[in-house]
Structure formats: C-alpha cells, structure tokens
Number of protein chains: 4
Amino acid sequence: MPKASFKARLNEIIFGTEPGAGRNFDIFLMVVILISVAALFVDSISEINQKYGEYLFAAEVLFTLLFTLEYAARIYCSPNRKAYILSFYGLVDLLATIPTYLSFFIPGAQHLLVIRIFRVLRVFRVFKLLHYMSEANVLIRSLNSSRRKISVFLISVLTVIVVFGSLMYLVEGPKNGFTSLPRSMYWAIVTVTTVGYGDISPRTPLGQFIASIAMITSYAIIAIPTGILSAELIQESQRAMSSRKCDSCQKFGHEKESNYCKHCGEKLTPPYG
Amino acid sequence: MPKASFKARLNEIIFGTEPGAGRNFDIFLMVVILISVAALFVDSISEINQKYGEYLFAAEVLFTLLFTLEYAARIYCSPNRKAYILSFYGLVDLLATIPTYLSFFIPGAQHLLVIRIFRVLRVFRVFKLLHYMSEANVLIRSLNSSRRKISVFLISVLTVIVVFGSLMYLVEGPKNGFTSLPRSMYWAIVTVTTVGYGDISPRTPLGQFIASIAMITSYAIIAIPTGILSAELIQESQRAMSSRKCDSCQKFGHEKESNYCKHCGEKLTPPYG
Amino acid sequence: MPKASFKARLNEIIFGTEPGAGRNFDIFLMVVILISVAALFVDSISEINQKYGEYLFAAEVLFTLLFTLEYAARIYCSPNRKAYILSFYGLVDLLATIPTYLSFFIPGAQHLLVIRIFRVLRVFRVFKLLHYMSEANVLIRSLNSSRRKISVFLISVLTVIVVFGSLMYLVEGPKNGFTSLPRSMYWAIVTVTTVGYGDISPRTPLGQFIASIAMITSYAIIAIPTGILSAELIQESQRAMSSRKCDSCQKFGHEKESNYCKHCGEKLTPPYG
Amino acid sequence: MPKASFKARLNEIIFGTEPGAGRNFDIFLMVVILISVAALFVDSISEINQKYGEYLFAAEVLFTLLFTLEYAARIYCSPNRKAYILSFYGLVDLLATIPTYLSFFIPGAQHLLVIRIFRVLRVFRVFKLLHYMSEANVLIRSLNSSRRKISVFLISVLTVIVVFGSLMYLVEGPKNGFTSLPRSMYWAIVTVTTVGYGDISPRTPLGQFIASIAMITSYAIIAIPTGILSAELIQESQRAMSSRKCDSCQKFGHEKESNYCKHCGEKLTPPYG
C-alpha cells in the first residue's frame, strides 16, 4: 500500500464516522475512555486505592500508552497537523496523556492526575456521529438571541445577591456564621438559587425575616430565564417551520398562509403541493 | 353456563372496565391493593411491627392468597396466556404474590418483602378506565419529539457535574468531606439539581467560590428543559389545530370548533371524520 | 329612619365595596384584622408572651368583641341569613371569634387559639374590590383545562417517589435514618421537590448513587408542569384575544385574519374598524 | 476655554457615553468602583483585616476622595443640579462617599461602612452604554402587564405559607423547633420556595406528612409564575410582529423582515418609519 493511501485510510478510520472501520474505531475508543474514567473514579476511593492501587496504576499506564499511540496516529494522518494540535480536541487528546507522564517525574504531581478526568470530554467527539448537533444549534441559537435578556436577568440576580448578602452581614454578623462579606455573598447565592445547604443560615428573627423576603424574591425571578427561553424556542421553531422557499428570489421564511413572497412580491407556489 | 362463555364472562369482569361487574371488580381490587400497600407502610414502622406485627402478617397472607387467586383467574381467562404472563402487568401481578411465598422458605428473604410495594403499580391498570391516556400520550409525544434537545441538555448537565465535581475534589479534598471522585460527583448532583442537603458542603473560600459559580450555572440551565417542553407542547396543540383543510379553498389552519372556512366561507367537513 | 332602610344601609356599608362608607368600612376592617393577626404572631413568641401577655390578651378580647359585633351585624343585615352563615366567609367569620370564647371555658383549648390565624383569610374578602378575580379566573381556567395533564404528571411524580423511596429503604435501611417506609417516602418527597433539608440523607455509596438518579429524574420532570401551564395560558389568552363577534350569529372567537364567520359562514366586519 | 464650554465639555466626559473621552471616563470609573468594592470584600475577612487593614484603609480614603471629587464635578456640570442630586444615581453617588466620612466622627459607625457596598450599583450607570435597556424594557413590560396574575400567584403562595406554617406550629410545637408562629412561617417559606436549609425540619410523623403535602403543593405552583411569564413574553413578541399594516390591503401581521405584503403582494412601508 502506498504511504499516502495508508495515511488517508488511517485518517478515515480514526477521524471518520462511517459504518465499518471508522465507526468500530469510535466505539472501541469510547469504551476504552469510559473504562479509564471509571478506573479513575474507583481509584479515588481510598479503601480501593489501598487494596488495588497497584493494579489500577498498571491499567492506567496501559491506557496512557494507548492514548499516546492514538494521539501520535492522529497527528500523523491529519492533513493539517498544526490545526489539529491546536484544536479543542487536539488539546483534550494531549491532556489525556500528559498528567500520567508528569507524575513519573514530578513527585507532588499527584493532584494533577485529576486532570485525566477531562478525558470524558473525548467521548463527545464520538457523539458527533449521532447528529445531535442540529438540536444543540437550535438551543445555542436561542440562548444567543436571548443573551441580552439573560444578561439583564443575571444582573438582576447579582444585584439581589449583593443587596441581601450585605444586609445579612450587617444583621446577622460574624457570631451567626456570616463572618465576612464574601461568605455572606456565598450564603445569598446558596439561598437565591434555592440550593439551601443550611451550612450558614440566619438565626436572628430579623435575619430570618430578611432571608424570607430574599427567598420569595428569588422564587419569583426564577420564572424569568424560563419564560425568556420558552418564548425564544417557540419563535425559533416557528421560524424553522416556515422553511418555504420563493421560486423567484429563492428566499425562505414564508408562512403557511402567505400567497406572495414577502421579499420580492412574486406569487408563491401553494404549500403542500 | 358453557365453559367458553364462562371464561369470556370472567374475562369481561376481570379485564373489562365497563360500568357494572367490570368496573365494580376494578374498584374492589383498587381498594384491596391500597389497603395492602398501607399495611406494608405501617408494618415497616418498628413500634407498630412489634405490637401488631402478627395481625399485619395474617392480613398479608390473606392479601397474598387473594392476589394469587386473581392471578390464576387472569391466566385462566386470558385469550393469549403467554402474552399476559410476559406482559408488564402480568409480571407486576406475579411480583405482588411471590415475595410472601418466598419469605416462608428462605429465612433471609425479609428484605424481599419490600418488593411488594410495587403492588402500587397495579393501581395504574385501574386508572385506564379514567381515560387519562390521551393526555399522557400528548405528554409522551412532546417528550419524544424533543428527546434530542433533552439529550443535549442532559449531556450539558453531566458535563457541568463532571467539571465541577472534579474541581471540588481538587480544591476541597478529603479533609472537607470530598473524600473521593464519586462522592464529589454526588455533591455536584445534589448542588446542580438545587436539592442541597448540606451533608457535604464546601468549607474553603475557593471551594465556596467555585460552588457559587456551579449554582448560578445550574440556575441558568434549569430553564432549558422547561423552555424545550413548553415550546413542544404549544406546537403540539397548534399542529392539532392546523391539520384541518377546507375542501373548497384548500387552506389549512381551522380550529376544532369551526364550522365554516375562515378564508372562503364554505362549510367545513366535521373534524375527525 | 325606618327599619328596612336602616338594614339596607347597613348591608351597603358592611357588604358593599363602593367608595364612601362601604370602602371605608372595608379598609377599617382590613386594618383591624391585620393588627389582630400581628398580635397573634407576636404573642406566640414566648419571651414577648411572658412580658406583655396580659396586654395582648386584653387586646385579643377587644378584637374578639369587635369581630363578634361585626358577625352579628352581618347576620342581621343579610337578605338571606342562612346562606350567609353557611357560606365560606360566614364560616371564616365565625371561626374568627369562637376560639377565644372556647378558651374561657375549656382549659386545654390553648392550642385552639391558633385557629384564629385563619382570620387572615378574611382579608381576601376585601381584596374583592381590587378586581383581581378575572385574572384569578384565567389561571383557574388554565389549571382546570390542563387538570388531566397535571394529574398524569402528579401520578408520575408519585410513582417516582414510591419507587425511589422503597429502593432507599432497602439500600440504606434503618441504621442510616431510613427507619420506615413512610419515612423513606418523606425523604423521597423532600428530594424530588428539590427542598433537600438534609435531615435524612443517603450515607452508603449505593444509596448516594440511587439518590443521584432520583435527583436528575426529578430535575427533568419539573419541566413538565411548567410546560403544560405555559402552553395552556398561551392558548387561553389567544382564545381571549380573538374576542371578535359575528354580527350575524353573535358568536365570538374569530381570529384577526378571518374574513368569514367560522360558525355560520356570514361575512365578518373587518377588525379594527 | 470659556467657562460655559468647559462645563459642557466636562458634562460630555462625565455623563456622556460616546467613544472617546466619555467612554474612557466610564471605563476608568467602572474599574475604580470594582476595585473599591473588591477592597471592601477583602477587608471584611478578619484575617486580612488584621494583616493589611491599614493599607486597605488608606486605599479606602483614596477611593473616597476620588468619588467625592467625581460627585462634586457631577454637581458642577449638571444643567439641573437639584434634579441630579435627588435622582437615584445622585443619591447612590452620595452614599458612596458619606459612610467613610461619618466613620471619622462617629466611633460606632463601623457598621455603616457596609453601605459602601452599594457603590456596586454605580456600575449599572456604565451599563447604560451597552444598550441593554430595550431588553430590560421588554421584561419589565411583560412583568407589568402580568402583574395582576403575579399578585394572584403571590397571594396564593402567602396563603399556602400561612396555612402550613400555622398547622406545623400546632402539630410540631416548640419542642421540635417550631418555637413561635413567625418561626413557623419562616420554615414554611424555606420549604415552599424549595430552599430547604434544614435548620428547622419536621420530626413527628404527622408533621412530616403535612410537610410532604406542602412540598408537593409548592412543587405544583412553582409552574404558575413561569407559565405566566412565558405566555406574556410570547405575546409581547407576537404583538411587535403583528402591529405592521399593509397600506394596500390593510391587513396586519407582517414580520419585521418582510418587504412585501403576504396577503396581496404589494410593497410594505419599512418598519419603524
């Protein structure tokens, strides 16, 4: 087999998603990634680490070698190597291997090993073959076209957090757990988002009264992002629904009831034949 | 009464939902199921179990005999016995009796008895007579046609959980309760879904800062599934409306209540046939 | 003044809401109710009760006499006395006075006094004059016409609660706080509704895993009631918007774009003049 | 430079938002505000205050002098000085400087210093240049036109809180943490808004049962404000679309992007003039 054609074939297998070798490679890779992430999870439990730490380490070295091989192959068969290396997935692929190597040389790099968990992001590459992208695009477009409304909402939420956080710092004070302004803000965020751990909670009657107002306020404003996105998604899908093309000016976006093109004024062919 | 006709009559009573014997049987069965489940609930409270355990056990034996009889009758009068036994409700009916019998023979099967709680699922069979199904179908159809958007949402949520969970494992560490990666993920899920037990909560300032970002992120993304479903349900109901055509001017978009075409004034054919 | 006309005038003042004596009486009553409820709140704090309990009791007697007088006057001037006494507000008016009298005669009736808090419901009568009713009706109509979808949702939620509650009872067991089935169901409700007190929380890894699944499930299904109500409210308001009447058959419900009545086929007058 | 023109130029720089001196001043001011607020945050942490308190105090004096200078300049160059001083931002500008001065003269005014945090509100003035206002207006208009529905919702929520709060006071009582009616109401608000700190939680089985009902109720009603706002936002955007009329056939319902009437094919006048 000539070298160029081998490279093209390898590219097809590694980067391709068609049924056959390309898809099989993807599925194999996904399984390996998920096992390596599962090993990572299990290894972080200290009892298991003490008992089976050595076996898990051996497995980890194996996974890293495999991913290194894959990374090298990807670089080798990329038409534009630099573009691949600097791409999002190129960096994720690199990050999947580096921490293990570093832990050999740098003694305190134990913590760096957690970075390996971002290997899980590599699974998303495989998801490309499931054609979820168009759906994700609708969501992203909706979020994008309502980004100003969402900014207004986030600014309102931040104002609520700052106002109630500093009020509670004044009212409750350090002796009730509101030891500093940042900690009060943390309390306000925990409360406004309705998470409510209870690690810091108001103890004075006045503090509980102010907290009650904060909660009812946040209860009311949680409706805002939902309303914004609902409205946007409905419009987005109505826009998409009206994918009727004018034969004259080739433009889309005509409603079902339209008789004439709204862009050029020519008569439209009736919908549904 | 000839055997075949007796079997048909029994089938009508047991499986049927028409007013009369069929409905009465359903109501009687529902009451028995609910009482047996209530007995199960009450029996799980140790004080009550110590005092009235024997009576409750006697009642349980009675219920089990009743359900066994019913199960046998259902098998007997089914036109297709194998289909019934392997159907969802067939298995639920079997599960409603087996645990009690097993507890006689296997000493450690005490825990199996909780399986009897799934008897409550048998109540849903009775709900069939309330014609809720068409409503459930609209919901299921909406969920189904937005399943890709919901998958995209769930993948985003899982990414947020993995990213914040592993970050917190790094930042807070085992001494603050984040003893392992799975436990950190558990914390992240408790936080992102805004449940917020407070059994694990960040204690370092940096951890509280990262947790704050996780909370605000999750607060924003909770809007996504709601927006998706709202948009879908609205379209579903508009689709139902716009699928009616005028025979005269061939235009769509007539409501269920309309008798005449709103575009040309001709009489419309009645909806649904 | 003749007796009949005095009665009619009294009725106007007490039950009426027109500007003048009727509205002034309403406002005076609302203020008295709110003060009496505030006194009740304050009196329930034991430190205040110990210091000012006597004064608050004196005030309470005064309020009760006032409400008794008002109740007698309402009965006196009602055109249909029996209907008033048995109406919702008639019973609330009675409940506002009875507990205080009972506490004189029955020594252990101290707890009954809390019933007086339902005096706050009497404020709603006054709200009638604010014409909020039509808005409330839109909401109630929307909730009503989507009651089947909401039932389907509630049944799903209850199933989730029963399934996860009994699973956790099996997995965590009494030693981790899941002492009985009802208590496990309480945990499941606290979790599924995202309240998350943390008074009972899973401690075993398997329990935490199951709880995580329960949380993500509930996170997804919280979108359902919101979506249902959004869709319903939009349709409700679109229905109301199309309040265009046909001159021929006097029926409403025509869209802005309609040229012909969809009920009788006659030509409609164009919208907006 | 004549005095009047200097004043006008100063006004342009301080109040203006055009690219050049006006925008540069805004950006400089925003940076200074954010640094001064960050200093405030950091200063409230007692360890940092003990170590670097003196430096932070010096910085604070500098910031205050700067803001005082800015305040004086704003008064000087305002065309209508009284209007500026009494405006929202005029008061916020004053509040940004006063607490520091007061802390020199009044010894116990330490707590007043927290008021300085409202300097953060001054950042919003700068946001004006980002044209977020039209988006905020859509939100405010939607909230405004659904304010009656939201009032009905808030009244319902308050009724739920009062009913369940007083029930729990009766059922759980002081020995389980429900020491007074206001505290029970606080519990009810924490529960209904799904915050769920867990600082007060029901301990008796009956209390847990009632709390469960309260949670499921609140779970169902959280859908109401979202549904209201979604419906309103969708209508708001449809209203914007449908207010454009064709001059030829007098029909409404044209989108912003349309050039020709979809009903008769005539050219439309461009939107917004």
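The values are calculated or read from the model by the stated rules, or taken from the named source; none is laboratory data. Since the structure is predicted, the reported quantities are computational estimates derived from the model, not experimental observations. So basically every Cβ, Gly included, is an ideal-geometry build from the backbone, and we count neighbours across all protein chains shown.
Any residue at all in the stretch D:69-86 that's under 25 Å from the mean Cα position of the chain (by Cα), part of a helix (DSSP H, G or I) and under 30 Å from A:Lys175 (Cβ atoms)? No, every residue in the stretch D:69-86 fails to be under 25 Å from the mean Cα position of the chain (by Cα), part of a helix (DSSP H, G or I) and under 30 Å from A:Lys175 (Cβ atoms).
Restricting D:Ser180, D:Ser151 to those that are closer than 19 Å to A:Pro205 by Cβ and either of a type in the set (S, T, N, Q) or in contact with an Asp or Glu (Cβ under 9 Å, 6 or more places away or on another chain) (or both) reduces the list to D:Ser180. Output the residue which, of all residues in the stretch D:5-19 that are of a type in the set (Val, Ile, Thr) and in contact (Cβ under 8 Å) with a residue 24 or more places away in the chain, is surrounded by the fewest Cβ atoms within 10 Å (Cβ to Cβ). Checking each candidate, the answer is D:Thr17. Kindly indicate whether B:Val190 is in the same structural domain as B:Ser218 (by TED's automatic domain parsing), within 30 Å of C:Arg148 (Cα to Cα) and of a type outside the set (Ser, Thr, Tyr). Spelling it out, it is not the case that B:Val190 is in the same structural domain as B:Ser218 (by TED's automatic domain parsing), within 30 Å of C:Arg148 (Cα to Cα) and of a type outside the set (Ser, Thr, Tyr). Are there any pairs, at least 6 apart or on different chains, whose C-beta atoms fall under 8 Å, with the first in the stretch B:20-34 and in contact (Cβ under 8 Å) with a residue 12 or more places away in the chain and the second part of a helix (DSSP H, G or I) and loosely packed, with under 14 Cβ neighbours inside 10 Å, and if so, which? Filtered contacts from the stretch B:20-34: no entries. In the set B:Val171, B:Val160, B:Val192, only one residue is surrounded by 24 or more Cβ atoms within 10 Å (Cβ to Cβ) and in contact (Cβ under 8 Å) with a residue 24 or more places away in the chain; that residue is B:Val192.
Residues that are assigned to a helix (DSSP H, G or I), out of contact with any Ser or Thr (no Cβ under 9 Å at 6 or more places or on another chain) and in contact (Cβ under 8 Å) with a residue 40 or more places away in the chain are absent from the stretch A:41-55. In the stretch D:1-18, the count of residues that are among the small types (Gly, Ala, Ser) and not in a helix (DSSP H, G or I) is one or more. Scanning the stretch B:67-116 for residues that are basic (Lys, Arg) and closer than 19 Å to B:Met30 by Cβ turns up B:Arg74, B:Arg116. Out of the stretch C:206-239, which residues are without any contact (Cβ under 8 Å) to a residue 40 or more places away in the chain and not hydrophobic (A, V, I, L, M, F, W, C)? The answer is C:Gly207, C:Gln208, C:Ser212, C:Tyr219, C:Thr226, C:Gly227, C:Ser230, C:Gln235, C:Gln238, C:Arg239.
Of all residues in the stretch C:90-119, count the ones that are among the aromatic types (Phe, Trp, Tyr) and surrounded by 15 or more Cβ atoms within 10 Å (Cβ to Cβ). Counting residues in the stretch C:90-119 that are among the aromatic types (Phe, Trp, Tyr) and surrounded by 15 or more Cβ atoms within 10 Å (Cβ to Cβ) gives 1.
Please find, within the stretch A:81-94, the residue that is nearest to A:Arg122 (Cα to Cα) out of those that are in contact with a Leu (Cβ under 9 Å, 6 or more places away or on another chain) and of a type in the set (A, V, I, L, M, F, W, C). My answer is A:Val92. When the stretch C:87-108 is filtered for residues that are in contact with a helix residue (DSSP H, G or I) (Cβ under 7 Å, 6 or more places away or on another chain), in a loop (DSSP other than H, G, I, E, B) and at pLDDT 85 or above, only C:Thr97 remains.
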